[in-house]
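Undergrad: This is the structure, below, for whatever I ask next.
The values are calculated or read from the model by the stated rules, or taken from the named source; none is laboratory data. Every value quoted in this text rests on a predicted model; they were computed, and no experiment measured them. Please note: Cβ atoms are built from the backbone with ideal geometry, for glycine as well, and neighbour counts cover all protein chains shown. The protein model used for the area step is the full one, side chains on, heavy atoms only, and it has no ligands, DNA or RNA in it. Shrake-Rupley method; radii C 1.70, N 1.55, O 1.52, S 1.80 Å.
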Amino acid sequence: MQGFKKITLMLNSIFNNFLNFILPNTCLACDEVMDHGSNYLCKSCYSKLEPYKETHPWQAEHIAGGTIENSFSVYWFREGTAIQPLFHALKYQKIKRAGIMLGKEIGKLATSKITDNIDIIIPVPLHKAKYRDRTYNQSEYIAKGISTILKAEVVNDAVIRSRFTPTQTRLNKTERKINVSGAFKVNQRHNDKLRGKNILLADDVITTGATILECASVLKAAGAGKLCICSAAYAELKINVV
Ligand SMILES: [Zn+2]
């Protein structure tokens, strides 16, 4: 058996070297060739991802208001760091498995952040125009990754957009809140299923929290149980328009 294990390891190593030769597996951030055991980022770039250990600016207000129980992100999203090419690959290069990997990271963090069992995981729905261009919602893959750790059901179409909203990129915090107000509704098909259930809402990046908090409030109004919100990364809003 020991000999068989050795041969298997040797064959694996030969196969990986061969794969690297014909199809180099390179780091999305630094372009270094990685071994085939690494995914998207090399060990060095991966270790430089900055964990988000702070509290979301809206957390206290919304927990006190009773909309959510908790709110957390795994990493800081900072331009020019290794997280940027990782998210770029997930959103624009159809590397959906990066979403699953990030979702697993959320799942691991969730086990220390959430005390109640999560029944259902819901991804934040993508803007319709973006969905048309992109053909997939990256947050659905993040939700899928979370579910592998938390063993909860994913309901992708639980929250749907009820009206068109202009892109938020150039909007400040207050404008974003107005922009998404009334923009979501709970899918009637899932009303009964969601009632009284503990739900984890997931997104790729949270900035002001306006979108995900609006989704949380429509779920709450529809009778959902405890709600937690999370994202793979948190980005500070760069615009300071009054
Ligand atoms: Zn690297």
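Undergrad: How big is the Cα convex hull of region 74-169 in projection, averaged over all directions, in nm²?
TA: Values: hull surface 27.6 nm².
So the Cα hull casts an average projection of 6.9 nm².
Undergrad: Using amide H atoms built 1.01 Å from N in the peptide plane, name the residues 5+ places from Ser231, or on other chains, whose amide H lies under 5 Å from its own.
TA: Phe72, Ser73, Val74, Asp203
Undergrad: Over what distance in Å are the Cα centres of region 47-67 and region 110-183 separated?
TA: 17 Å
Undergrad: Taking amide H positions as placed 1.01 Å from N in the peptide plane, with prolines and chain starts having none, which residues 5 or more places from Ala224, or on another chain, fall under 5 Å of its amide H?
TA: Amide H to amide H, under 5 Å and 5 or more residues apart or across chains, Ala224 pairs with Gly196.
Undergrad: Of the beta bridges DSSP finds with both residues in the chain, what % are antiparallel, to the nearest 5?
TA: On the way: 7 of 26 bridges.
Antiparallel bridges: around 25 percent, rounded to the nearest 5.
Undergrad: Here's something else I'd like to know. For helix 2-22, report the angle its Cα long axis makes with the longest principal axis of the Cα atoms of the chain; keep it between 0 and 90° and round to the nearest 10°.
TA: 70 degrees
Undergrad: What does the charge add up to near Lys91, with Lys and Arg as +1, Asp and Glu as -1, over the other residues with Cβ less than 15 Å from its Cβ? The partial results should precede the final answer.
TA: Values: positive: Lys94, Lys96, Arg97, Lys130, Arg132, Arg134; negative: Glu79, Asp133, Glu140, Asp203, Asp204.
Net local charge, Lys91 excluded: +1.
Undergrad: Where in the chain lies the longest segment free of GluC sites (Glu not before Pro) that are both loop residues by DSSP (not H, G, I, E, B) and have at most 11 other Cβ atoms within 10 Å?
TA: On the way: sites that count: Glu54, Glu79, Glu236.
Answer - 80-235.
Undergrad: Just to confirm a number: summing +1 for Lys and Arg and -1 for Asp and Glu over residues other than Pro51 whose beta-carbon lies under 13 angstrom from that of Pro51, what do you get? Numbers along the way, then the final one.
TA: Numbers: positive: Lys48, Lys53, Arg78, Lys108, Lys113; negative: Glu50, Glu54, Glu105.
Spelling it out: positives minus negatives among the neighbours equals +2.
Undergrad: By how many degrees, between 0 and 90 and to the nearest 10, does the Cα long axis of helix 97-113 differ from the longest principal axis of the chain?
TA: For helix 97-113, the angle is close to 60 degrees.
Undergrad: If I build a Gaussian network model for the chain, linking alpha-carbon pairs within less than 10 angstrom, which residue out of Ala222, Ala64, Ala202 has the largest mean-square fluctuation?
TA: Answer for the Gaussian network model of the chain: Ala64.
Undergrad: Heavy-atom accessible area of His127 with all protein chains present, probe 1.4 Å, nearest 10 Å²?
TA: 30 Å²
Undergrad: Translational diffusion coefficient, Stokes-Einstein: compute it for the chain using the Kirkwood radius over C-alpha pairs as Rh, at 25 °C and 0.890 mPa s, and state it as an integer in µm² s⁻¹.
TA: Details: Rh = 19.2 Å.
Answer, rounded: 128 µm²/s.
Undergrad: Using θ = phi - 60° and the Karplus form 6.51 cos²θ - 1.76 cosθ + 1.60, what ³J(HN,Hα) does each residue of region 91-96 get, whole Hz, x for Gly and Pro?
TA: Coupling constants for region 91-96: 8, 10, 10, 6, 8, 5 Hz.
Undergrad: In percent, how large is the relative contact order of the chain, given Cα pairs closer than 8 Å and 6 or more residues apart? Working shown, then result.
TA: On the way: 402 pairs, mean separation 49.6, N = 242.
Relative contact order comes out at 21 percent.
Undergrad: While we're looking at this one, here's another question. Using θ = phi - 60° and the Karplus form 6.51 cos²θ - 1.76 cosθ + 1.60, what ³J(HN,Hα) does each residue of region 219-236 get, whole Hz, x for Gly and Pro?
TA: Ordered by residue, 3J(HN,Hα) equals 5, 4, 5, 7, x, 5, x, 6, 10, 10, 10, 8, 8, 6, 9, 10, 10, 6 Hz.
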